[in-house]
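Notes to accompany the following structure.
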Amino acid sequence: MLLIFISALNSINMKLISLKLLPFTAFMFFGGCTLSEISQKTKDGVAGGSSYVKSKGKAAYEKSRKALGLEKSKKKSIKPMSVTKRKFGVMPDGSKVSLYTLTNANGMQVSLLDYGATVKEIIVPDRNGNFANVSLGFNKLEDYIEKSPYFGCIAGRYANRIAEGKFTLENTVYELAVNNGPNHLHGGKVGFDKVLWKAKVVESGTGLVFSRTSPDGEEGYPGNLKTAVTYLLTDENELKIDYLATTDKPTVINLTNHTYFNLAGDGVGTILDHEMMLPGDKFVATDDTNIPNSIAKVAGTPLDFRQPVAIGKRIEQKHPQLLAGKGYDHTWLVPETKDSLSLAATLRDPSSGRMLEVMTDQPGVQFYSGNYLDGTLIGQGGRSYEFRSGLCLETQVFPDSPNHQGDEGWKSCVLLPNQNYTHSCVYRFKTD
């Protein structure tokens, strides 16, 4: 009887095979179902493929395929999370620079350089599942060394500005490089962005730990500072960054990541139509050299982003704060919550549907609207980086905090021996 049935199937069921109904026909014979059960399972199978086969009937299903001389069905495998490494370039002193790529189970990728502990690429899907890089950067190490406006790097020892390149700590005046008008910026002439870090793959999860020791006196800062920065990519499409540092002398510290984002894609237009939301009701107002002079309310100013608004809507207003920075280049206060991390910002690109949420334990987030990009830099996608074609969202303490020690509302940036500097930030990517 079985041979007769198999013979019949060979002659009449080719159409069923092309319609992916053979599994259901075999299941009818070997599964012992009633006519009504068969009808329902076949209907469900047409709609959902072979997913209707339950554990009870799975053995019979595979047995029938074997009897018909068909291969065993293959399960769709989930892409494993991985870390790969390849050569990226060679430093002037002969040191080799490597590119590491983190990949999660969803196909999201983050590429990192051990030069500057730099985020080179962040590849994420849009609302239609199309992947694109949303981080500005270069294809060549030489461009990072010679031209980079801090693309994707770790800025330090002290990110942002210190007035006139000096501060006093425990009755000692420390003088730093003046490399941004009259002020010190992002750790000086050779900051953390311009050095090679040691890299190690994390033992659990998909990530890397970059580490280095900044020697006492480097760029004028006191103390031997041991620093570790951990990048971790999750299956929730989150890039987590954790910072840890210790010192053997009192010093000041403010580390951050300086990735330039464009959610429409690397080099695709400007960020002016991106919709920004910054929940803070206050920001750090600055003078015409971007040094803080007060903490001000956002209400009634073009710096009020408590509701989502297109970045370009008010950026050209003749407001003193926008004129001084040539656009947005300010620190917003991050509202405190009971959670370990608070929402610092959300960003949405209407064209692609890509969204970014920024969470942190730091008191501020610096929003920089790419005001000094001018079209002269050619990015990794072969496109020029035009005026305001990328933006930064840098979690940190306030600018010039070394000169505001003890001021009300200013979190201390001082690190003492036997203390740990810690800082956590999460960049979470989504679609609308």
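The values are calculated or read from the model by the stated rules, or taken from the named source; none is laboratory data. The shown structure was predicted, so the numbers you read here are calculated from the model rather than taken from an experiment. Counting neighbours? That spans all protein chains shown, and the Cβs are built from the backbone with ideal geometry, glycine included.
Residue pairs whose Cβ atoms lie under 7 Å apart, sitting 6 or more positions apart in sequence or on different chains, and linking a residue in the stretch 279-290 that is closer than 10 Å to residue 320 by Cβ to a partner that is small (Gly, Ala, Ser) and at pLDDT 95 or above, are 285/294; 285/296. Within the stretch 422-429, can one find any residue that is surrounded by 17 or more Cβ atoms within 10 Å (Cβ to Cβ), touching a helix residue (DSSP H, G or I) at 6+ places or on another chain (Cβ under 7 Å) and either in a strand (DSSP E or B) or on the phi < 0 side of the Ramachandran plot (or both)? No, because not a single residue in the stretch 422-429 is surrounded by 17 or more Cβ atoms within 10 Å (Cβ to Cβ), touching a helix residue (DSSP H, G or I) at 6+ places or on another chain (Cβ under 7 Å) and either in a strand (DSSP E or B) or on the phi < 0 side of the Ramachandran plot (or both). Selection of the stretch 297-329 for residues being among the polar types (S, T, N, Q) and part of a loop (DSSP other than H, G, I, E, B) yields 301, 307, 317. When the test is whether a residue is surrounded by fewer than 17 Cβ atoms within 10 Å (Cβ to Cβ), out of contact with any helix residue (DSSP H, G or I) (no Cβ under 8 Å at 6 or more places or on another chain) and not hydrophobic (A, V, I, L, M, F, W, C), residue 213 passes it. Of all the criteria given as (1) surrounded by 19 or more Cβ atoms within 10 Å (Cβ to Cβ); (2) in contact with a Leu (Cβ under 8 Å, 6 or more places away or on another chain); (3) over 27 Å from residue 384 (Cα atoms), the one not satisfied by residue 201 is (1). Can you find a residue in the stretch 229-249 that is modelled with pLDDT of 95 or more, buried (at least 18 other Cβ atoms within 10 Å of the Cβ) and touching a Cys at 6+ places or on another chain (Cβ under 6 Å)? Within the stretch 229-249, one or more residues are modelled with pLDDT of 95 or more, buried (at least 18 other Cβ atoms within 10 Å of the Cβ) and touching a Cys at 6+ places or on another chain (Cβ under 6 Å). Of the set (1) out of contact with any strand residue (DSSP E or B) (no Cβ under 8 Å at 6 or more places or on another chain); (2) surrounded by 15 or more Cβ atoms within 10 Å (Cβ to Cβ), all apply to residue 363 but (1). The single residue among 339, 349, 266, 329 that is in the same structural domain as residue 162 (by TED's automatic domain parsing) and surrounded by fewer than 20 Cβ atoms within 10 Å (Cβ to Cβ) turns out to be 339.
Restricting attention to the stretch 280-326, the residues being closer than 29 Å to residue 178 by Cβ, surrounded by 15 or more Cβ atoms within 10 Å (Cβ to Cβ) and hydroxyl-bearing (Ser, Thr, Tyr) number 1. Within the stretch 305-339, being under 23 Å from residue 411 (Cβ atoms) and at pLDDT 95 or above holds for 305, 306, 321, 328, 329, 330, 331, 332, 333, 334, 335. Cβ-Cβ contacts under 8 Å between residues 6 or more apart (or on different chains), taken from a first residue in the stretch 250-264 that is in contact (Cβ under 8 Å) with a residue 40 or more places away in the chain and closer than 13 Å to residue 427 by Cα to a second residue that is part of a strand (DSSP E or B) and acidic (Asp, Glu), are listed as 256/394; 257/394; 258/394.
A residue that is in contact with a strand residue (DSSP E or B) (Cβ under 9 Å, 6 or more places away or on another chain) and without any contact (Cβ under 8 Å) to a residue 24 or more places away in the chain occurs nowhere in the stretch 144-163.
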